[in-house]
There are 2 protein chains.
Amino acid sequence: MFSIGEVSRRTGVKVPTIRYYEQMGLMTPSERSEGNQRRYGRGDVERLTFIRHARDLGFEIDRIRELLALSQHPDAPCEGADRIAGAHLTEVRQKIEQLKRLEAELERIVSHCGGHTVEDCYVIRALSDHGLCEHEH
Amino acid sequence: MFSIGEVSRRTGVKVPTIRYYEQMGLMTPSERSEGNQRRYGRGDVERLTFIRHARDLGFEIDRIRELLALSQHPDAPCEGADRIAGAHLTEVRQKIEQLKRLEAELERIVSHCGGHTVEDCYVIRALSDHGLCEHEH
DNA sequence: TTGAAATCTCCAGAGACTAAAGGTCTGGCG
DNA sequence: CGCCAGACCTTTAGTCTCTGGAGATTTCAA
């Protein structure tokens, strides 16, 4: 049985974050000590590792809840997990595309600024005048 | 003089968002009607367009406040604006790099899942076992 | 003058934490 | 066994950028 601090050290998840995940219904300590402190077992540590890993990959809390539920049923078909991961991958790709458009626009704006004062600063002018943009955003 | 609804229609910024920007100190209506309703002039609409444009480009509210302050001084040097935009561009690029790493990892995980049940689902296994990851994240 | 639409202020929620306040428990040392 | 520092407890609030709702008031056209 580990205290919350030990679990934190083992998983790299901060103590308040562990409590937050509990509040979000992602995990519950196996026990409580007589003085009401959380006590975790090996399984809990593994579960938290799973959660942390999924968060690192950018999955939302709600999706993680679903993935955890799926992982409890080894015999169920894994389409659900594939679908969740696939949808997330699509989202990540869309975000990348959007950020690339921003990057291009910002790059163009920054590199165009040859002015010395605000009056002829391309950065300021571009923001004021949408007509100076190459693309919609 | 325009009402907040008219300004919203002209700029595409929702009414509550305009009030939010006011609360954040980005803009104030030129006047109030006798019945205390906001009344905006042309300059206000331009200012809101500037704000919206900057938000679309991903600038934070605090940065926009700075950019607005700079734009009020046409004779000042524009280094400030360049620096803000440049720093933002750097951030955008970093985010793109991070998302690309996520994309690669997710792609690998999703494409590896040839299993039919959760038990041998690579998605679930990869989340459970960090050792299956290619890179740190 | 009436009444529907727009506006007002204030408050709460989303998402994923993070920090602080004020009190309680644990565990090692003398 | 008693002490006390450190870890832990709960609850609350703050971050950031909005968005929506409740209930009251104003506007404007018919």
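Laboratory data are not the source of any read-out in this text; all were calculated from the coordinates shown. Since we're looking at a predicted model, the values are computed, not measured. Note: ideal-geometry Cβ built from the backbone for every residue, glycine included; neighbour counts use all protein chains shown.
Annotations for the structure displayed:
- Using a 7 Å projection from Cα along Cα-to-Cβ, the label point at residue A:62 is separated from the same position in the remaining copies by 3.0 nm, smallest value first.
- Separation of the range A:1-33 from the range B:1-55 is 46 Å, based on Cα centroids.
- With Rh defined as the Kirkwood radius, the inverse of the mean 1/r over Cα pairs, the Rg/Rh of chain A is 1.25.
- Starting from the label point of residue B:117 at 7 Å along Cα→Cβ, the same points in the other copies fall at 7.7 nm, in ascending order.
- 7 Å along Cα→Cβ, label-point gaps from residue A:10 to other copies, nm, shortest first: 6.3
- Put in order of Cβ neighbour count within 10 Å, fewest first, the listed residues A:75, A:62 become A:75, A:62.
- A simple charge model with +1 on the Cβ of Lys and Arg, -1 on the Cβ of Asp and Glu and nothing else charged puts the dipole of chain A at about 800 debye relative to its Cα centre.
- Projecting the Cα atoms of B:122, B:94, B:104 onto the dipole axis of the range B:80-132, where Lys and Arg carry +1 and Asp and Glu carry -1 at the beta carbon, places B:94 farthest toward the positive end.
- Bins of 10 Å, starting at 0 and running to the largest distance - Cα pair percent for the range A:4-76: 19, 54, 23, 4
- The chain A residue nearest the rotation axis shared with chain B, using its Cβ and rounding the distance to whole Å, is A:96, 3.
- CD proxy at 222 nm, helix term only [per DSSP H run n ≥ 4: -39500 (n - 2.57); per residue of chain B; nearest 500]: -20000 deg cm²/dmol
- Computed from backbone phi, the HN-Hα couplings of the range B:9-26 come to 4, 5, 9, x, 9, 5, 3, x, 5, 4, 5, 4, 4, 5, 4, 7, x, 8 Hz, rounded to whole numbers (Karplus: 6.51 cos²θ - 1.76 cosθ + 1.60, θ = phi - 60°; Gly and Pro given as x).
- Where only C-alpha atoms are counted, convex hull volume of the protein assembly as shown per residue in Å³: 191 Å³
- Among B:63, B:39, B:101, residue whose mean-square fluctuation peaks in a GNM of chain B (springs only between Cα atoms under 10 Å): B:101
- Candidates A:34, A:22, A:46, ranked by Gaussian network fluctuation over chain A, Cα under 10 Å, top entry: A:34
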